[in-house]
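Worksheet: the structure to be examined is printed underneath.
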Amino acid sequence: MQLFDYFRSSASYRVRIALNLKGLDCEQVGVNLLKGEHKGEEHLTRNPQGFVPALALDSGEILTQSLAIIEYLEEVYPAVALLPQDAIGRARVRALAQLIACDIHPVDNLRVLKYLTGELGVSEEQKTRWYQHWIEEGFKALETRLSENETGTFCHGDSPTLADICLAPQIFNAQRFNVDLTPFPRIMAIHQAFEALDAFKDARPENQPDAG
Ligand SMILES: N[C@@H](CCC(=O)N[C@@H](CS)C(=O)NCC(=O)O)C(=O)O
C-alpha cells in the first residue's frame, strides 16, 4: 500500500495511527500542501477533491476520505479492533470521531483559512481566533461526552478506538495554535494515555519523513 499524505495533515495523521495500530506496512509518499502539490494534475487523478490522504491499495484501487479509509482497514484487517463489538458502542465511537472529523476539523482546514485571509481579508490574528474558537466549541461538547460511563483510559473503554485516532491530531492542532487546554482535563488525560503508545507517537507530524 502507498499512503499519499502530508506530515501536518490531520486527516493523514489519523490514517497513520490506524495503520500503526494494526501493524500494517505502508509506503508514505509526501504531497506538499504548502507547495500546492495537492492541486496538481497527478494528485487530482488520485483524489479530485485535492485532499490528502489517499491510500493506494496493491490492487490499484485508490481510497480517499480518512474515515472511509480507516473503516476499510478495519473491515479488511480486523485483528486490532478500532471499533467496539456492540452496535451502540460503535455508534458512540463514530459519533465522537465525527464530532471532531466532521464538525471541528473542516472549518479549520487550510483552504478555509486561506479563503479567510485571502478573499475575505481577515487578519492573521482573527484567523487564529477563528481556529481556536471552533476547537474550543467542539472540545467543550467532547469534554462533556467524555464524562459518560463508557469512557475509560481512552475515549471508549481501555483500548484506543477511531475516536482517539481523530482526537490525537486535533489536540496537536490545538497546541500548535495555542488553544488553552486546561478547561478540558478529561481530553488531556486521554491524550496522555495515547501519547504513551508507539502507534500514536510514530504517527506524529514531527516523526514523518517529509517533516520540514
Ligand atoms: N474529510 C477529508 C478531509 C481531508 C482534508 O481536509 N485534508 C486536508 C489536510 S488535513 C487537505 O488536503 N487540505 C488541502 C486544502 O485545504 O487545500 C478526510 O477526512 O480525508
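Tabulated values for the structure
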quantity: Tally, over the stretch 28-51, of residues that are within 21 Å of Arg204 (Cβ to Cβ), away from the ligand (no atom under 12 Å from the Cβ) and β-branched (Val, Ile, Thr); calculated: 1
quantity: Given (1) in the same structural domain as Gly157 (by TED's automatic domain parsing); (2) under 18 Å from the mean Cα position of the chain (by Cα); (3) within 8 Å of the ligand (Cβ to nearest atom), index of the condition Asp108 fails; calculated: (3)
quantity: Residue in the stretch 52-74 that is over 22 Å from Ala211 (Cα atoms), within 10 Å of the ligand (Cβ to nearest atom) and surrounded by fewer than 16 Cβ atoms within 10 Å (Cβ to Cβ) present; calculated: yes
quantity: Conditions (1) surrounded by fewer than 16 Cβ atoms within 10 Å (Cβ to Cβ); (2) on the phi < 0 side of the Ramachandran plot: number failed by Gly23; calculated: (2)
quantity: Matching helices (runs of 4 or more DSSP H) fully within the stretch 101-212 where at least 2 residues are modelled with pLDDT of 95 or more and over 30 Å from Asp25 (Cβ atoms); calculated: 110-117, 124-145, 185-195
quantity: Which listed residue, of Phe200, Phe184, Phe194, is touching a helix residue (DSSP H, G or I) at 6+ places or on another chain (Cβ under 6 Å), over 28 Å from Ala79 (Cα atoms) and not β-branched (Val, Ile, Thr); calculated: Phe184
quantity: Filtered residues of the stretch 69-91 (kept if under 21 Å from Thr151 (Cβ atoms) and either at pLDDT below 95 or not in a loop (DSSP other than H, G, I, E, B) (or both)); calculated: Ile70, Glu74, Ala87, Ile88, Gly89, Arg90, Ala91
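The values are calculated or read from the model by the stated rules, or taken from the named source; none is laboratory data. This one's a predicted model, so the numbers in the text were calculated from it and none came from an experiment. Virtual Cβ from ideal backbone geometry, glycine too; neighbours counted across all protein chains shown.
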